[in-house]
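Take a look at the structure set out below.
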């Protein structure tokens with residue numbers, strides 16, 4: 001397929017350069033909340049598509065936006081085909097930088113894989129070798145590639161440093177994304193070394209290590225405490241933990257009533273209350289010390305969720321497989337569980353595994369919830385305690401697998417599949 005480009009006038013391009021960034025996994029604060037108004041509700045390959053760009057390889061990471069640049073990761077060389085995965089020694093990761101206005105690839109940096117990586121099998125079949133989303137402080141960009149380490153690049157693509165955070169692999173692969181705090185890059189390296197690791201973002205030097213996680217693929221969340229201070233929250237198989245982000249000291253933990261096999265979903269927070277999901281869902285008043293299961297737990301419910309929830313006006317929203325949920329934030333009461341409705345597509349002959357399941361985490365913007373499925377398109381819901389599906393949108397038949405969360409920039413959505421990056425929104429006039 002040919003790349004589609006629509007030229008933007010200089011004034012609009014200048015406005016985009018000044019627009020708010022989307023600098024990390026799930027955007028500002030890692031909460032999946034966009035303040036933009038007027039985002040598109042409906043789109044297709046012929047409607048509300050500003051541009052699309054072919055990517056150098058698949059990936060499940062999310063795009064981030066820094067000024068007039070979009071950055072995301074891909075992989076190539078191995079694990080592209082189940083029947084013929086290739087030779088692992090050819091595995092490479094790519095950090096790709098695109099022009100925000102037109103989608104043109106500005107530069108690509110390749111990173112050879114440290115071997116042996118986990119084989120292309122098990123859960124890796126569903127998401128691959130580029131699942132961690134980059135993070136940027138507006139000056140540099142930081143990426144996490146599992147046993148290949150954490151790397152820093154400037155925004156022109158110059159590599160600044162590379163640091164290993166562990167040498168272990170897992171059949172489920174590596175997935176957690178880095179977060180930035182002061183002069184630290186913090187990664188959940190549970191798969192690689194069973195630890196949270198903080199690196200100096202200027203040098204890559206390890207500053208602290210907290211070795212107390214079990215079966216966790218959760219991206220850490222920085223939570224502001226109403227009485228002052230910041231805590232680093234991460235979910236794992238048996239509990240939710242709070243750490244001091246300056247030192248790595250464990251401050252508190254809450255035990256799940258039922259122990260899941262793993263913790264994938266990242267927590268969200270609102271006004272000092274943390275909402276974490278695994279095979280249980282739990283609401284925790286942050287700021288305690290020690291085992292606060294009985295003192296700071298507001299509620300625990302049996303909601304199972306692989307995706308991270310989103311908070312909006314007293315409710316939490318999340319998809320589990322092809323089913324959308326809404327629960328009350330104050331007590332966990334379920335308001336609805338409804339199957340997402342995809343329009344029939346007789347021309348769809350893809351062999352995507354679990355096409356209707358949503359592995360991407362939801363986005364809330366302008367009173368709407370956006371959910372991305374692996375192969376059945378994108379769903380737009382009205383935010384509120386009563387289920388109302390506003391739209392089901394699909395793109396080209398060869399769009400491929402969509403696992404990445406959408407990003408928002410200047411009233412447009414950025415959606416990535418394992419083949420393309422799409423910019424959804426009004427076309428700029430040439």
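Of all the Cα-Cα pairs you can form in the stretch 290-430, what percent are over 22 Å apart? Spell out each step's value before the answer.
On the way: 4168 of 9870 pairs.
Summing the P(r) of the stretch 290-430 above 22 Å gives 42 percent of all pairs.
Kindly rank 168-178, 380-390, 207-217 from highest to lowest mean number of other beta carbons found within 10 Å of each residue.
Details: 168-178: 21.4, 380-390: 15.6, 207-217: 18.8.
For the peptides 168-178, 380-390, 207-217, the packing ranking is 168-178, 207-217, 380-390.
When the alpha-carbon atoms of the chain are used, the pair Rg, Dmax equals 20.2, 61 angstrom. Here the stretch 193-305 is treated as an ellipsoid with the same Cα gyration tensor; its semi-axes, largest first and in whole Å, are 22, 17, 11. Overall form of the stretch 189-249: oblate. Here a/c, set by the Cα gyration tensor axes a ≥ b ≥ c, is 1.5 or more, and a/b is not larger than b/c. Would any residue of the stretch 205-236 have its amide N under 17 Å from a label point 7 Å out along Cα→Cβ of residue 289? List them or say none. What the label zone holds, given the 17 Å backbone N cut-off, is 225-232. The gain in end-to-end length when the residue 345 to residue 80 segment is fully stretched comes to 92.8 nm, 0.36 nm per residue minus the alpha carbon separation. Just checking the listed ones, 200, 137, 122: in the Gaussian network model of the chain with Cα springs under 10 Å, the one fluctuating most is 122. Between 234, 323, 187, the GNM of the chain built on Cα springs shorter than 10 angstrom shows 323 fluctuating the most. Only helices enter this figure: runs of n ≥ 4 DSSP H residues, each worth -39500 (n - 2.57), summed and divided by the residues of the chain, yield -1000 deg cm²/dmol at 222 nm to the nearest 500. Which of 150, 114, 408 moves the most in a Gaussian network model of the chain with Cα springs under 10 Å? Looking only at 150, 114, 408, the largest GNM fluctuation is found for 114. Remark: 318, 243 ranked as 243, 318, counting other beta-carbon atoms within 10 Å and listing the fewest first.
Every number here is computed from the coordinates shown, using simple stated rules; none is lab data. Remember, predicted model here, so these are calculated numbers, not experimental data. In this analysis, Cβ positions are derived from the backbone assuming ideal geometry, glycine residues included, and neighbour counts consider all displayed protein chains.
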